Structures are given as structure tokens and as C-alpha cells.
């Protein structure tokens, strides 16, 4: 039976063409060059297509991400055969697969959302339908529509990979492609629809005057808890879920959930564990803003408004994802020589430091070369777009092009595949719930809480030291 | 089991526990009510800016543009809200190359020789080379501050956009004569946006010596425009924060990013004897609530009362909407404004929502191309005090 790309990513051996950090640096330089060129062509407000309006460009950016996740994670590169994946030149492979991802993206956005849903279901998915309303300009009609479509993508970019990473494709994991891909696509699209209706639909329902009481809950049910009627409250935790899925998959190697032996218990623990970790991030990053900038004031604009603070939580989370993916894709998930908890902790610390550096560098300089707005909080300052655009390029480079040219793809032998699996299992087996482990965990819990307290106490002073942009 | 293995097990457990402990604390405490104990208490500075008896605002023009669809269509066509305003190819900086392909240097080169003495000619050239020049209007108002001793002092806030439209408005309200007679002490520019600032030569036509206050954050093109417009008076770049002007009047510069590549906005505070604080804004990009909160934290004012507000409140300038604006409509009640004189970028839709909410919005007369009586229109006045 044809395996298409099933386990292709695990079963390929990427061989460095040069020793040391040179391949990673070459890849970084190459992908940043592609990033900047494509940013200028598609997104930059000073460039050619100027899609960074911001929602229009963001919509395509998010859906392109989903397309690649669908093609690689849900469908295992189906209908492309394994031999084609292994023998085709990475440049050809990259071009073909990228073009296909863009074609599906356009069909989905223009055909399914704007054409089908927008004309036969919910008017706000189609700009032309919105323009029929009195007083709505074509620009904002397009922006509202793009916002709705991209929010669907944001939810799907959490749930689609979560089903693969957390639920391990179950209960369809033994099914061949494309049946498995379509099954997971159906369930994740269905779940995304439900999440969309209870998170973003009420946001869309109050975009119009008077509030659309008859079709959406108004004011939205989260108003008192989140201190805003804006759906950005949900954008925040959903973005955190998206980030945590990839952290679990890459730098955390699914630890500690992979210690659970029972399949279904492990799957559900991972799925809901991702949500719980994301919620912890969601609340902490909001609190961090309160500690550094001061308490949010409902009704105000920009950096002090709760709705923007929630949005910024998602933005901060994305800064964490960028170094995590770089470490995983181009640094062979360094380090690997210690036990799994030590490896995971080291990578997490490295990524945290890198995320802070990237955050500072972004806000200090992005307006100088990306055409974005200076400052943190302008509605048109959307760091999620350039960061996800870069991530998209890395995904295309890593998944579709085998990290060419700094690496060469060689299929692993059956022996190597077996050895890798044994090594991974040995890492898991190395963690034993001995009395010392349990004692260590108890001490660790206390240290963790202490670390949190110290961080929270130190944050205001730390922020004062780092003068990113003039504060007021 | 050897000691080494035991130590390694302890370490693995400790690292795992630390992660769980951190995440658990993050989730349990970070959004709990207990977290508020860690918020720093802001000490009110209570800066004394003095008091004045009253301030009268004459709305010279609040119609910055006449058709939303046209303006937003231009913005969309040029690449969106982040595109540099000088590259839209709007008047007066049109270079004839079409939407999104303009530049300050090209545009000013065509009209500089006529500034500020022959604005008819300058605008005629601009019309030939610009995109939708007839959609340009402008924002500007006259402030008449009565001091406690009865002395009255006049200031302009902003100078609009279209030379043609603003000249008509200045003449309609007698601003031209006031400027010629040097009755107006200074021009405060709220921010660098086209509709507040590009009409600068109209003010300078009648008084090139007038003192100009601009907020910190102007781009080089904006500063050059002052020179190119023929200004011969004093130019003061106001630093971020509070700046006392005359007894009972202060300006405040907010360092905020604004669409169309603009940075920083300057607004005005007045402390009216026995009434309270009056806030006057150009566009209030900082947000009306932050404006009020800043006053609360920085300034001492009569009765600790927010008495009134005038100007564009920048809520839905294009009659667009966002749930965060509902947050504002719902929250404004807390601040207890007694008189709200809004217009311009507040948006008609928002003014109507304010009225539905029961706020004391002062209605206008909808004359001289203002759209709706829901807010103060062109030629309308409001007096605080």
C-alpha cells in the first residue's frame, strides 16, 4: 500500500552540508531574505500588493499556515507519493507544494468563505454583502470579512495540529490516506466551527448598530470576566493554544504527557493539558502587562484598553514560538544529550530568553523596515503577521524543501528508523516514578511557585530598566 | 539503586515539578482578584495649571473630508491605513502620478513658490495633480479663553486641510481678520494628519508670524512643510507630557502611533473656575478615557469634576465599528462629563450611541456641509463656564 508522506518527516535524515552552526546561519539568512522579499511583495504598506491593511494580509497569512498544516500533518503530503517526496529536487518540491497550498487557500477563502458562506449563510463573510449595509465603506467591509475568516483560521490552527499532536490521529490513526486526512479535517473543522460560534460570532454580532440581539448573544457573555465585550479575549487564549501545541510537539517532545502509558488517557491529557497551559499563559501574560504598564482601563484605547491587552497576550505568545521553531527546525532541537526533562527545560529557557530579545528588537526596530507602526498598541501594529509570515516560510522550507540548501535529505534505513524509535522510547523509559523523583517533584513545585513569585515581583523593575520605546 | 541514579531522579522530578509549579501559579494567581494587591498605586501629581473663567469654542470646520467612501477608497487603493500620508497623492502634495505614488518632495516643489500668499493658485495646481482633491475639507477651531480678570485670549487649534475650503471657513467665521489683526496668539497643531495640518498655509496667509506649537513626533516632511509654507514666527516643539500655557490652560502631548504614519498628539486642558476640567482635542487618538485619566493623574482641577469635552473623539471616523468602541460607550458614564461637544472623527454613529446611552451630547445645527444634528457642526459654538 502506498504510504504517501506518512512519517516522512520522522523518517528523513537531514544531513548537514557544512559542520557547526553554518547550516543554521545560512538557512536563517536565506529564509530572512525570502521573508523580506515576500513581505515587500505581498504585505508591506510601502510595497507592491500592500495586503497589510492589516486584516486582509493577516487572513491570507493565517490560512496559508493552515494549508501547510493540513497538507503535511493531516494528509501526509497525499496525493504525492513517497518516492516523489524522496527523489524530487527540494526547489521543485517546494515550488509545487507551495503553489498547491496557495491554490487551496484561494479556493477556500474566495470560494468557501466569501462565495458560499458569505452569500448563503452569514453575510459578514462576504465584503460585497456587507457593503449593501448603509454607511459601511468597502475598506471596512473587506476588513470585517477578513477578520471573521482569519479568526476561523486562528481556531483551526490550534485544533488541526492538536488532533495530530495530542490525539495522535485517533481514532483514525490506522486508516490509510486520504480517508484519515478527511476524517481529521472534518472533525477539526467541525470543532473549529463550534468554537468560532461561541467565541467570535458574538464579537461580529456587535459590530453593527443596533447590536444583532436576534442572532448573537449581546453583550457577549464574557464581558464582566474579561472587562471587555471584544472577542480579543478569545483571540488571546486561542493564540496561546496554537503556540502551546507547537511547543509540545517540538521543544517539549510531548513531555510530560508522553509518560502516560494508557493511550486514551495520554491523548485526552495532552489535548486538555495544552488548553490548561495556554490558559495559564493567557492569564499570566495579561498580568505581566498590568504589572509593567499599569492596570487596564476599560473603554480607553491602545495600550491601556483590556481588549488590546488581550490581543497583545497572543502577540507575546507568538514571539515565544519563533525561537522554538528555529531551534527545532535548524538546530536539531538542541540539546539532546541530557535526560528529557533537562533537555526540555534547557530549550524552554533558551526560547524564553530569545523570545524576550526578539520582542524588544521587534518593537525597537520593526517600524524602520517592515512599514508597520511605531509603538506597541496601534491597531495596525500586528506583530502576529510578520512572525507568522516568517514561520510560514520556515514551514515551507523545512517541510517542503528539507532545509535545502544547507541540508541534504537522505531517507533513513529501516535500521536507523528502528534505532531512533528505540532511543525515543528509552528517553521516556528513563523517567521513573521513584521516591526520589516524587520528592524532587515536590521540591520542584515549591521552586516553581517561588520562581513565579520572584518573577512577578521583579517584572516592574525589569521593565523600567529596558526602555523599549518611550513610555507614557 | 546508586546515589548517582537517585540524584538524577531527584533532578528530573525537580525540573518537572518546577515547570508544573510555575504553570500552576501562573494559571491560579495571575487573573485572580488577589493579584490587584501587587498593582502600584498611582499618586496623583495634582499639578496646578491655574484657572480661567470660561472657554468658548467656535467650530470653524469639523468636516475633514466630505465623503467617507471616497477617502477610505483612496486609503484602500493606496495600500491601507499604514501607508505614509505623503505618498497617497492627496492635495496639496499631488505629483500627477496617481494614487499611492506621491511624495512630499514632488508635491511641494509644484506649489512652494505660491505659499502662503497665493493659495488659490497653489490649490489649483494641487487639484490638477492630486487624487480626489474636492473631497478635502479640514478640522480647525477657535478657542477664546476668558481669564479670571475678564481678559480674553484667542488661540487656534489646527488649520484644516483644503486651502480652498479652509479659506472659505476662515472668512465665514472672521478668522482671517482676527489673524490679520494679530488677535490670535498661537496655533496649536494637534497632530500631523493631513486634515488637521496640511491647511497650514491658510493660517500663515493671514499671519505668517504666528507662534506654532507642534507635538514631539513630527516626521521630517512635516517639519519642512512649516518652513516651505512661509512661516516666520516662533516654532515650539512640545515635549511629551504636560505643558502649562496660560493660567487655566495647558497642553498635553501623548506619544502615540497614529494611522498614515503619524506619531504623537497634542491636546488641551482647561480648568474652568467652579466648574471643572474641560478637554479640547483635535482627534483624541489617545482615547477620551485615557485623556480623562491622564488629567486625573496629572492635574488639579475644580471640584475634581470632568465638566466638558470638545472635539473629535476618534471613535469611528469612517463610521466603522468595533466592540472596543462599545467598551468606551459603556464606560464613559464613570467620568461624569456634564457637556459633550463632539464631532469630526467621533463619528455620527457614535454620537447617536452616546445619545441613546443618555449622555449630555450638545446637538448641532448641521449647517455648512456638516452631516447631522447629532453633534456640533461647522459654525456651531459651545461655551464652557
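The values are calculated or read from the model by the stated rules, or taken from the named source; none is laboratory data. The shown structure was predicted, so the numbers you read here are calculated from the model rather than taken from an experiment. Heads up, the Cβs are rebuilt from the backbone with ideal geometry, glycines too, and the neighbour counts pull from every protein chain shown.
With respect to the conditions (1) away from every other protein chain (no Cβ under 13 Å); (2) farther than 30 Å from residue B:345 by Cα, residue B:51 falls short on a single one, namely (2).
Going by the structure shown, is residue A:50 under 22 Å from residue A:383 (Cα atoms), modelled with pLDDT under 95 and either within 14 Å of another protein chain (Cβ to nearest Cβ) or in contact with a helix residue (DSSP H, G or I) (Cβ under 9 Å, 6 or more places away or on another chain) (or both)?
When the stated conditions are applied, residue A:50 passes them.
Filter region A:345-374 for residues that are within 14 Å of chain B (Cβ to nearest Cβ), more than 17 Å from residue A:44 (Cβ to Cβ) and touching a helix residue (DSSP H, G or I) at 6+ places or on another chain (Cβ under 8 Å) and give the result. Those that are within 14 Å of chain B (Cβ to nearest Cβ), more than 17 Å from residue A:44 (Cβ to Cβ) and touching a helix residue (DSSP H, G or I) at 6+ places or on another chain (Cβ under 8 Å): A:345, A:347, A:348, A:351, A:352.
Can you name the number of the only condition in (1) at pLDDT 95 or above; (2) surrounded by 13 or more Cβ atoms within 10 Å (Cβ to Cβ) that residue A:37 fails? It is condition (2) that residue A:37 fails.
Taken over region B:271-284, residues that are under 23 Å from residue B:196 (Cα atoms) and in contact with a helix residue (DSSP H, G or I) (Cβ under 8 Å, 6 or more places away or on another chain) amount to 5. All of A:309, A:254 fail the test of being buried (at least 23 other Cβ atoms within 10 Å of the Cβ), in contact with a helix residue (DSSP H, G or I) (Cβ under 6 Å, 6 or more places away or on another chain) and under 29 Å from residue A:160 (Cβ atoms), apart from A:309. Evaluate region A:210-217: report whether one residue or more is away from chain B (no Cβ under 14 Å) and surrounded by 17 or more Cβ atoms within 10 Å (Cβ to Cβ). Within region A:210-217, not a single residue is away from chain B (no Cβ under 14 Å) and surrounded by 17 or more Cβ atoms within 10 Å (Cβ to Cβ).
Checked against the criterion of being touching a residue at least 60 places away in the same chain (Cβ under 8 Å), more than 11 Å from chain B (Cβ to nearest Cβ) and within 30 Å of residue B:40 (Cβ to Cβ), region A:264-277 has no qualifying residue.
Per this entry, residue A:85 is not counted among residues that are within 14 Å of another protein chain (Cβ to nearest Cβ), more than 19 Å from the chain's Cα centre (by Cα), crowded, with 20+ Cβ neighbours inside 10 Å and touching a residue at least 12 places away in the same chain (Cβ under 8 Å). Kindly list the number of the only condition in (1) within 13 Å of chain B (Cβ to nearest Cβ); (2) under 15 Å from the mean Cα position of the chain (by Cα); (3) more than 24 Å from residue A:9 (Cβ to Cβ) that fails for residue A:231. Only one criterion is unmet by residue A:231, namely (2).
The set of residues in region A:418-446 that are more than 7 Å from every other protein chain (Cβ to nearest Cβ) and either outside any helix (DSSP H, G or I) or within 17 Å of residue A:258 (Cα to Cα) (or both) comprises A:420, A:421, A:422, A:423, A:424, A:425, A:426, A:427, A:428, A:429, A:430, A:433. The number of residues in region A:158-179 that are touching a residue at least 12 places away in the same chain (Cβ under 8 Å) and on the phi < 0 side of the Ramachandran plot comes to 15.
Within region A:25-41, identify whether any single residue is on the phi > 0 side of the Ramachandran plot and in contact with a helix residue (DSSP H, G or I) (Cβ under 9 Å, 6 or more places away or on another chain), and answer yes or no. Within region A:25-41, not a single residue is on the phi > 0 side of the Ramachandran plot and in contact with a helix residue (DSSP H, G or I) (Cβ under 9 Å, 6 or more places away or on another chain). How many of the residues making up region A:286-305 are closer than 16 Å to residue A:225 by Cα and more than 7 Å from chain B (Cβ to nearest Cβ)? Residues flagged as closer than 16 Å to residue A:225 by Cα and more than 7 Å from chain B (Cβ to nearest Cβ) within region A:286-305 amount to 1.
The requirement of being farther than 17 Å from residue A:254 by Cβ, surrounded by 21 or more Cβ atoms within 10 Å (Cβ to Cβ), under 15 Å from the mean Cα position of the chain (by Cα) and facing chain B (nearest Cβ under 8 Å) is satisfied by residue A:281. Checked against the criterion of being out of contact with any strand residue (DSSP E or B) (no Cβ under 9 Å at 6 or more places or on another chain) and modelled with pLDDT under 95, the candidates A:358, A:352, A:368 yield just one match: A:368. The condition (being within 30 Å of residue B:133 (Cβ to Cβ) and free of Cβ contacts under 8 Å to residues at least 40 places away in the same chain) is satisfied by just one residue among B:19, B:73: B:73. Annotation note: of B:288, B:340, the sole residue that is under 19 Å from the mean Cα position of the chain (by Cα), buried (at least 19 other Cβ atoms within 10 Å of the Cβ) and under 29 Å from residue A:138 (Cβ atoms) is B:288. Checking the condition assigned to a loop (DSSP other than H, G, I, E, B), in contact with a helix residue (DSSP H, G or I) (Cβ under 9 Å, 6 or more places away or on another chain) and surrounded by 16 or more Cβ atoms within 10 Å (Cβ to Cβ), which residue from A:80, A:113, A:139 passes? Residue meeting the stated conditions: A:80. Among residues belonging to region A:452-471 that are surrounded by 16 or more Cβ atoms within 10 Å (Cβ to Cβ) and facing chain B (nearest Cβ under 8 Å), point out the one that is modelled with the lowest pLDDT. Checked region A:452-471; the qualifying residue modelled with the lowest pLDDT is A:460.
Among the residues of region B:298-343, those identified as in contact (Cβ under 8 Å) with a residue 60 or more places away in the chain and within 8 Å of another protein chain (Cβ to nearest Cβ) are B:318, B:319.
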